[in-house]
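Asks: Have a look at the structure that comes next, please.
The values are calculated or read from the model by the stated rules, or taken from the named source; none is laboratory data. Not measured: the values here are computed from a predicted model. Counting neighbours? That spans all protein chains shown, and the Cβs are built from the backbone with ideal geometry, glycine included. SASA here: full protein model, heavy atoms, side chains in, ligands and nucleic acids out. Shrake-Rupley method; radii C 1.70, N 1.55, O 1.52, S 1.80 Å.
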Amino acid sequence: MVSFPATTETIALAQEANSSEAISILYQVLEDPSSSPEAIRIKEQAISNLCDRLTEEKRGEDLRTLLTKLRPFFSLIPKAKTAKIVRGIIDAVAKIPGTTDLQITLCKEMVEWTRAEKRTFLRQRVEARLAALLMENKEYVEALALLSTLVKEVRRLDDKLLLVDIDLLESKLHFSLRNLPKAKAALTAARTAANAIYVPPAQQGTIDLQSGILHAEEKDYKTGYSYFFEAFESFNALGDPRAVFSLKYMLLCKIMVSQADDVAGIISSKAGLQYVGPDLDAMKAVADAHSKRSLKLFENALRDYKAQLEDDPIVHRHLSSLYDTLLEQNLCRLIEPFSRVEIAHIAELIGLPIDHVEKKLSQMILDKKFAGTLDQGAGCLIIFEDPKADAIYSATLDTIANMGKVVDSLYVRSAKIMS
């Protein structure tokens with residue numbers, strides 16, 4: 001068997017060979033016992049090329065094995081280069097679809113190794129990555145426990161850039177757990193740390209995106225829109241794929257504040273045209289349904305663009321409340337001419353199941369959206385006329401309040417005379 005030493009010629013040969021031969025050659029380069037500065041440089045290049053080849057072949061397990069094999073080599077190179085290689089291999093595994101569990105296992109192995117080797121800087125970054133993967137995998141309790149320990153340690157070391165990452169991750173985690181106050185507190189901590197240092201544009205865009213999500217959750221859609229716009233500008237300048245999500249959430253805010261007519265204008269703008277696709281088509285369909293106040297068009301949009309609307313938790317949460325609002329508006333419009341009407345007739349007019357309509361009507365009566373009652377024995381809705389408020393009560397209260405002021409004024413004057 002021909003052996004391939006760690007030389008520039010071998011790297012060039014591997015680049016010209018087909019994928020399987022190149023992988024074999026690069027593995028042999030790494031097995032070269034030479035530890036001269038030139039050989040180490042060639043081996044670093046071989047690792048980079050090997051990662052690219054294995055990623056193309058979608059060989060995640062081989063990348064994991066490679067990281068284990070390289071541990072003796074890491075003792076020969078500076079810690080900063082080790083950190084770069086480790087994070088590069090983890091990033092390479094992340095590019096292979098469906099490898100979340102493999103990435104979690106890989107990160108856990110690396111955390112154990114870094115702890116044994118006392119490589120604190122690298123361990124903290126791998127742990128932050130592990131927490132993000134656990135959150136993605138919906139293992140929230142484990143992710144929160146890991147972050148709680150990590151954030152204390154990083155605050156003690158005052159590593160601001162990593163602290164921004166961890167606080168931001170903590171905010172996303174609390175938001176996923178529906179703990180809005182803690183999500184806001186973590187985001188404020190991330191902003192405070194970010195103000196003390198230079199933050200890369202991508203990171204700043206992530207902070208703005210999370211800010212927009214939290215404001216939208218509090219129904220402050222105007223402020224949310226501003227943050228989504230800032231995030232969109234950052235991601236758009238970088239060519240980051242998250243730009244389309246920022247734009248999508250911008251359109252969602254416009255719809256939620258009943259400015260659905262602006263959606264078409266934003267999509268047809270210079271920046272919007274770059275991202276025309278299913279995501280923007282979905283928002284356009286929802287805006288059209290909202291403008292026409294049509295439940296049927298709204299349901300068609302939810303069905304046709306399920307991946308873009310239902311499967312996006314942020315959009316889905318807001319569209320659920322929008323659907324309820326549309327349903328209430330439609331029901332109020334339909335029952336307006338009647339004083340007594342069969343529930344089956346309303347269900348037929350609106351095109352929804354009877355039990356669904358009955359449940360919604362009872363909820364609206366309890367919420368005092370209209371005055372009425374359900375006669376379930378007859379299957380009818382009885383609508384009462386809105387009771388007119390008697391003006392005498394408010395007038396009486398005003399008179400009593402004014403009399404109280406007069407008495408107080410007289411008491412103050414008599415007190416002055418007596419003194």
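Asks: Taking the residues in segment 342-353 that are without any contact (Cβ under 8 Å) to a residue 24 or more places away in the chain and either surrounded by 12 or more Cβ atoms within 10 Å (Cβ to Cβ) or of a type in the set (Ser, Thr, Tyr) (or both) as candidates, determine which candidate is farthest from Glu299 (Cα to Cα).
Replies: The first filter runs over segment 342-353 and keeps only residues without any contact (Cβ under 8 Å) to a residue 24 or more places away in the chain, leaving 345, 347-349, 353.
Checking the rest, the ones that are also either surrounded by 12 or more Cβ atoms within 10 Å (Cβ to Cβ) or of a type in the set (Ser, Thr, Tyr) (or both) come to 345, 347-349.
Numbers: His345: 20, Ala347: 15, Glu348: 16, Leu349: 15 Å.
The residue in question is His345.
Asks: Would you confirm whether any residue within segment 391-406 is aromatic (Phe, Trp, Tyr), in contact with a strand residue (DSSP E or B) (Cβ under 6 Å, 6 or more places away or on another chain) and farther than 30 Å from Gly277 by Cα?
Replies: Of the residues in segment 391-406, the ones aromatic (Phe, Trp, Tyr) are 393.
Okay, now just the ones that are also in contact with a strand residue (DSSP E or B) (Cβ under 6 Å, 6 or more places away or on another chain), so none.
Scanning segment 391-406, I find no residue that is aromatic (Phe, Trp, Tyr), in contact with a strand residue (DSSP E or B) (Cβ under 6 Å, 6 or more places away or on another chain) and farther than 30 Å from Gly277 by Cα, so the answer is no.
Asks: Moving on. Limited to segment 51-85, what total is found for residues that are surrounded by 17 or more Cβ atoms within 10 Å (Cβ to Cβ) and either modelled with pLDDT under 85 or farther than 23 Å from Ser19 by Cα (or both)?
Replies: 4
Asks: How many of the residues making up segment 391-416 are open to solvent by 90 Å² or more (accessible area, probe 1.4 Å) and modelled with pLDDT under 85?
Replies: 3
Asks: Of the numbered conditions (1) closer than 21 Å to Lys108 by Cβ; (2) part of a helix (DSSP H, G or I), Lys43 fails exactly one; give the number of that condition.
Replies: Evaluating Lys43 over (1) closer than 21 Å to Lys108 by Cβ; (2) part of a helix (DSSP H, G or I) leaves (1) as the failure.
Asks: Now a separate question. Just one of (1) at pLDDT below 85; (2) surrounded by 10 or more Cβ atoms within 10 Å (Cβ to Cβ); (3) in a helix (DSSP H, G or I) trips up Ala378, so point out which.
Replies: Just one mismatch for Ala378, condition (3).
Asks: Given the conditions (1) surrounded by 13 or more Cβ atoms within 10 Å (Cβ to Cβ); (2) touching a Ser or Thr at 6+ places or on another chain (Cβ under 9 Å), report the number of the one that Glu38 does not fulfil.
Replies: (1)
Asks: Let me ask you something else. Among the helices (runs of 4 or more DSSP H) contained in segment 73-186, which hold 2 or more residues that are touching a Ser or Thr at 6+ places or on another chain (Cβ under 8 Å), under 30 Å from Arg59 (Cβ atoms) and in contact (Cβ under 8 Å) with a residue 40 or more places away in the chain? Before the answer, list the steps.
Replies: Details: elements: 79-94, 100-117, 120-136, 140-157, 160-176.
Once the helices (runs of 4 or more DSSP H) in segment 73-186 are filtered for at least 2 residues that are touching a Ser or Thr at 6+ places or on another chain (Cβ under 8 Å), under 30 Å from Arg59 (Cβ atoms) and in contact (Cβ under 8 Å) with a residue 40 or more places away in the chain, what remains is 79-94, 120-136.
Asks: Okay, moving on. Give segment 201-248 a look and list any residue that's in contact with a Gly (Cβ under 6 Å, 6 or more places away or on another chain) and open to solvent by 20 Å² or more (accessible area, probe 1.4 Å), or say none. Even if it seems obvious, please write down each step before you answer.
Replies: In the first step, residues of segment 201-248 are kept if they are in contact with a Gly (Cβ under 6 Å, 6 or more places away or on another chain); the result is 212, 215-216, 224, 227-228, 231, 234-235.
Scanning segment 201-248 gives His215, Tyr227, Ser234.
Asks: For residues in segment 249-270 being surrounded by fewer than 18 Cβ atoms within 10 Å (Cβ to Cβ) and touching a helix residue (DSSP H, G or I) at 6+ places or on another chain (Cβ under 6 Å), which is nearest to Leu209 (Cα to Cα)?
Replies: Among those that are surrounded by fewer than 18 Cβ atoms within 10 Å (Cβ to Cβ) and touching a helix residue (DSSP H, G or I) at 6+ places or on another chain (Cβ under 6 Å), it is Val257.
Asks: While we're here: For segment 183-200, check the following and say yes or no: at least one residue is modelled with pLDDT of 90 or more, surrounded by fewer than 16 Cβ atoms within 10 Å (Cβ to Cβ) and under 18 Å from Leu247 (Cα atoms).
Replies: No - not one qualifying residue is present in segment 183-200.
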